[in-house]
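Quick notes on the structure that follows.
The values are calculated or read from the model by the stated rules, or taken from the named source; none is laboratory data. All values derive from a computational prediction rather than experimental measurement. Neighbour counts run over all protein chains shown; Cβ positions are idealised from the backbone, glycine included. Calculation scope for accessible area: heavy atoms of the full protein, side chains included, ligands and nucleic acids excluded. Shrake-Rupley method; radii C 1.70, N 1.55, O 1.52, S 1.80 Å.
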Amino acid sequence: MKISVYTHYEEMSTAAADQVVAQLAAKPASLLCFPSGETPTAMLKQLVRYAEEGKIDFSACYFIGLDEWLGMDESMEGSCKHYMYTHFFNLVAIRPEQIVFFDALTTDVDQECARVNDFISGHNGLDLMIVGIGMNGHLGLNEPGTDFDAYAHRSSLDQVTVNVGQKYFKNDTVLKEGITLGLRHLKEAKKAVLIASGTKKAPILAAALQGEVTIDVPASILQDIPQALILLDKAAASALKESPHIQGVK
Ligand code: PGA
């Protein structure tokens, strides 16, 4: 695990977008996974800008959705799929067949997880998996207590996720379960990147990156992933102790 700290959110986001540029330059047909949420918005904006400037070519790659609120219609504002389309897929030249998402309305969750797992293994695993971190240390919807060795699965949402998740919706929304890629996907990704911003994430980042490696803090798995890169702004890094793993601004 390597940690890079940038002065502001915008610089951290550009560094994340640059990881995607480098990945597609090295392997145009890469399988990529991006998170939804507040954190990736500037990274996606930068990727759209890079595409307009001709600095990146998405024509040969594939995208897989990280997670979804189980039972939610994908057209609902606040769903992960809706976010990815409005912030990214609708703004760049990507064909529908390049995109794979969980069907959150499925009547057979196990089969849906198997379909997504098979798609990933059929592509020889994820080349670049970018995730955010929740206030409870979740990655995707891998909630506290999730087995580090799980692939895609149904998850029962933690109360923190239920409460924090309301920020994505205009009205109070019932959130109970999710469907998500697993921590094993992150472990096996050729490159795993975590992005985080702001002082509100500082305590959970300190616990995840410098505390005990435990399933109670899913993001602590990153400590055991040698190919993991953690991109933080200064505010998010503010509770970290000095360490040889950390590069960038103090
Ligand atoms: P956020 O979500 O980017 O909206 O903070 C991160 C997450 O819960 O994974």
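Side notes on the structure shown:
- Test: residue in the stretch 228-241 that is closer than 17 Å to Tyr9 by Cβ, modelled with pLDDT of 95 or more and of a type in the set (Val, Ile, Thr): yes
- Contact annotation: residue pairs with Cβ atoms under 6 Å, 6 or more positions apart or on different chains, pairing a residue in the stretch 153-172 that is closer than 16 Å to Leu183 by Cβ with a partner that is of a type in the set (A, V, I, L, M) and within 11 Å of the ligand (Cβ to nearest atom), are Ser155/Leu141.
- Extreme residue, farthest from the ligand (Cβ to nearest atom), among residues of the stretch 115-143 that are part of a loop (DSSP other than H, G, I, E, B) and open to solvent by 50 Å² or more (accessible area, probe 1.4 Å): Asn124
- Against the test of being away from the ligand (no atom under 12 Å from the Cβ), part of a loop (DSSP other than H, G, I, E, B), under 25 Å from Gln223 (Cα atoms) and over 14 Å from the mean Cα position of the chain (by Cα), the options Asp147, Asp103 yield a single qualifying residue, Asp147.
- Leu47 being in contact with an Asp or Glu (Cβ under 8 Å, 6 or more places away or on another chain) and either over 22 Å from Ser220 (Cα atoms) or among the aliphatic types (A, V, I, L, M) (or both): no
- Count of the stretch 40-73 residues which are out of contact with any Leu (no Cβ under 8 Å at 6 or more places or on another chain), open to solvent by 50 Å² or more (accessible area, probe 1.4 Å) and touching a residue at least 24 places away in the same chain (Cβ under 8 Å): 3
- Here Ile179 qualifies as buried (at least 16 other Cβ atoms within 10 Å of the Cβ) and not in a helix (DSSP H, G or I).
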